[in-house]
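Take a look at the structure below.
The values are calculated or read from the model by the stated rules, or taken from the named source; none is laboratory data. Since we're looking at a predicted model, the values are computed, not measured. Neighbour counts are summed over all protein chains in view; Cβ atoms, including those assigned to glycine, are modelled from backbone coordinates with ideal geometry.
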Amino acid sequence: MTDQLHSIGVILLLVLVGCATQPSISYQRDVTPILEAKCLACHLPPNGTGYLKSGLNMDSYGSLMKGTIYGPVIVPGDSRHSVFNMLVEDRLNSSMRAPQPLTKEEIAILRLWVDQGAKNN
């Protein structure tokens, strides 16, 4: 039942993204489940492959916002220039491709979250 409600919520989100009114994306409700399912296994200290390569720790909002050993990956309010979004949207070279591709719905949620200010809500 929970999966069905989440699917309905994602469909509703996509419909609203195309409208003038955009839904408020919640880090806890919407973003965390995506990160847990698709990113956390590689971006978790001390031995996650992505963590070892970049220093990007995704186990909390604070660590995600801290970014990598090279600096922040999220520009709040600007998904177009956020490295985080470039990676999940496969807009960077193939050597930086995330091994678990995200669905269009997941990408839309992450893009909208960053565009709404990447808040810890």
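Okay, here's what the table says:
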{"quantity": "Some residue of region 94-103 being in contact with a Ser or Thr (Cβ under 6 Å, 6 or more places away or on another chain) and at pLDDT 95 or above", "calculated": "no"}
{"quantity": "Candidate set: region 50-94, residues that are more than 15 Å from the chain's Cα centre (by Cα) and among the hydroxyl-bearing types (Ser, Thr, Tyr); chosen: the one nearest to residue 33 (Cα to Cα)", "calculated": "51"}
{"quantity": "Any hit, region 94-104, residues being out of contact with any His (no Cβ under 8 Å at 6 or more places or on another chain) and surrounded by 19 or more Cβ atoms within 10 Å (Cβ to Cβ)", "calculated": "yes"}
{"quantity": "Search result, residues across region 35-75 that are farther than 18 Å from residue 121 by Cα, hydroxyl-bearing (Ser, Thr, Tyr) and not in a loop (DSSP other than H, G, I, E, B)", "calculated": "49, 51, 54, 68"}
{"quantity": "Those residues of region 60-82 which are in contact with a helix residue (DSSP H, G or I) (Cβ under 9 Å, 6 or more places away or on another chain), at negative phi and not hydroxyl-bearing (Ser, Thr, Tyr), in sequence order", "calculated": "64, 69, 72, 73, 74, 75, 76, 78, 80"}
{"quantity": "Residues (touching a helix residue (DSSP H, G or I) at 6+ places or on another chain (Cβ under 8 Å), closer than 25 Å to residue 53 by Cβ and in a helix (DSSP H, G or I)) located in region 84-108", "calculated": "84, 85, 87, 88, 96, 106, 107"}
